[in-house]
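**Q** Please find one structure pasted underneath; my questions will follow.
A short reminder: the numbers here are calculations on the coordinates, not readings from a lab. Since we're looking at a predicted model, the values are computed, not measured. Here the Cβ is made from the backbone with ideal geometry for all residues, glycine too, and neighbour counts use every protein chain on show.
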Amino acid sequence: MNTQEHIGLAEAHSAHNYHPLPVVLAKGEGIWVWDVEGKKYLDMLSSYSALNQGHRHPRIVKALVEQTERLCLTSRAFHHDTFGPFSRAITEATGYDRVLPMNTGAEAVETAIKAARKWGYDRKGITRDKAEIVVCANNFHGRTSTIVGFSTEELYRKGFGPFTPGFRIIPYNDLDALEAAMTANTVGFLVEPIQGEAGINVPDAGYLKEARWICNQHNVLLMADEIQTGMGRTGKLFCFEYDGVRPDVLILGKALGGGLYPVSAILAGDDVMSVFVPGNHGSTFGGNPVACAVGKAAIEVTLEEKLVENSFEQGAYLRTALEKMGSPHVKQVRGRGLLIGVEVKGRARPFCEKLAELGLLCKETHETVIRFAPPLVITREEVDWALERIGEVLKG
């Protein structure tokens, strides 16, 4: 089938909850993808940062294939021989005491919410069912009914209420608002170190450091959602490292699955993780043998192949080149590492459509921002290849 036939089939039989570019992809390798007609594209979206290690990284594919040939699923009702090695690999890489694996990013956020509430009741002594979590306007933490209830994006909320209580919404990058939101019932501050879906919003330097201090003063958990920013995306293994702080709860997903398999997790110290006891939280597929094999390989590839360092180097080069372009269409370039947003004057989608015609795939976010986030395996030569096409479109 050709492109239009594939799109027609999908339109006829699937829910219309996405508005993809009119490209039908059939193959991927590294930073490159090919459509059903054989046209080659540079992937500058990385499946919203789930493909940090690139498409079909051979080490991660090997881990997945070998594991599927041995054992795929046990649930956590039994031990299996990839769970311990994965748990050790991720806790050693992050410096946290314990990991609780799930599947999707939204599941990990829900797990973090449950952990914070239970910690508040068991450790802080909050009155039952009174716990509050502070979140930021323009956040994106997932799509569950609880999570969209504390979103400020009307499109995500409309028609899905009633919503779960227990959340206070404050402006992002506003420390005075964070201090003012703290009450005796506050158990956590859930925050993205960079707001990705909101348009690559980067807070002021020191924002997380000051937020850490405020949380300490009020005995509140700092909970960092690094589902998009983690695993090297911003030029550090985790974005919170730029402020020299350590969250109490770290939330991971996307690239933890190596672009092959849904793997997510929360990480925390013993004090937080001990609120979970057998039976009060779980997941049939969370921490399954395939997920653990893939997750361990994804971590090893990220660290051993120096993808973090490459993200920092190529990201700085790409961002500087975009800033120097002097496009009359560009209002601002912002980001860290290989998570870069170019805010344009007007709608961003037409620029994305023109770039796709030139063989470069990216996607608009919040209507006016083009997101550039290629796999972290990209080389300088490939960045230059992309910049030629971006310059042609933005200067036109």
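**Q** Let me spell out the model: positive unit charges on the Cβ of Lys and Arg, negative unit charges on the Cβ of Asp and Glu, origin at the Cα centre of the chain. What dipole size does that give, in debye rounded to 20?
**A** Working: 43 positive and 48 negative charges, 76 e Å.
In debye, rounded to 20, the chain gives about 360.
**Q** While we're looking at this one, here's another question. Taking a ≥ b ≥ c as the square roots of the Cα gyration tensor eigenvalues, with a/c under 1.5 meaning rounded and otherwise prolate when a/b beats b/c, else oblate, which class fits the range 124-264?
**A** On the way: a/c = 1.55, a/b = 1.12, b/c = 1.39.
Here the range 124-264 falls in the oblate category.
**Q** Which residues' amide hydrogens lie under 5 Å from the amide hydrogen of Leu376, considering only partners 5 or more residues apart or on another chain, with H built in the peptide plane?
**A** Gln53, Gly54
**Q** Could you check which residue among Leu222, Leu303, Leu155 shows the biggest mean-square fluctuation in a GNM of the chain with a 10 Å Cα cutoff?
**A** Top of the fluctuation ranking is Leu155.
**Q** How far, in degrees from 0 to 90, does helix 3-13 lean away from the longest principal axis of the Cα atoms of the chain, to the nearest 10?
**A** It works out to around 30 degrees.
**Q** Tell me the mean residue ellipticity at 222 nm calculated for the chain from its helices only (DSSP H runs of n ≥ 4, each -39500 (n - 2.57), averaged over every residue, nearest 500). Show your work: numbers first, answer last.
**A** Numbers: 14 runs with 142 residues, N = 396.
Only helices count here, giving -10500 deg cm²/dmol.
**Q** Still on this structure, I have one more. Distance from the Cα centre of the range 144-195 to that of the range 339-362, in angstrom?
**A** Here the two parts' Cα centres lie 30 Å apart.
**Q** Take the cross-link list Lys39/Lys395; Lys27/Lys236; Lys306/Lys331 and give me the ones stretching past 26 Å between alpha-carbons.
**A** Working: Lys39/Lys395 24 Å; Lys27/Lys236 29 Å; Lys306/Lys331 33 Å.
Long pairs (Cα-Cα over 26 Å): Lys27/Lys236; Lys306/Lys331.
**Q** For the range 1-125, what D do you get in µm² per second when you plug the Kirkwood radius from alpha-carbon pairs into Stokes-Einstein at 37 °C and 0.692 mPa s? Please list the in-between numbers first.
**A** Details: Rh = 18.8 Å.
For the chosen part, D equals 175 µm²/s.
**Q** Then there is this: To make sure I understand the rule: partners must be lysines, Cα under 19 Å from the Cα of Lys130, and not fewer than 8 residues away in the same chain. Which ones qualify?
**A** Straight-distance partners of Lys130: Lys114, Lys118.
**Q** Where both residues lie in the chain, what percent of DSSP beta bridges are antiparallel, nearest 5? The partial results should precede the final answer.
**A** Values: 31 of 47 bridges.
In the chain, DSSP labels about 65 percent of beta bridges as antiparallel.
**Q** Please report the relative contact order for the chain, taking Cα pairs under 8 Å with a sequence separation of at least 6, and give it as a percent rounded to a whole number.
**A** On the way: 792 pairs, mean separation 90.8, N = 396.
Dividing the mean separation by the residue count of the chain yields 23 percent.
**Q** Between the range 250-272 and the range 208-227, what is the separation of their alpha carbon centroids in Å?
**A** 19
**Q** Please identify, among Arg336, Arg168, Arg123, the residue showing maximal mean-square fluctuation in a Gaussian network model of the chain using a 10 angstrom Cα cutoff.
**A** Looking only at Arg336, Arg168, Arg123, the largest GNM fluctuation is found for Arg123.
**Q** Cut-off 10 angstrom, C-alpha nodes, Gaussian network model of the chain. Which of Cys362, Cys72, Cys136 fluctuates the most?
**A** Result: Cys72 has the largest fluctuation of those listed.
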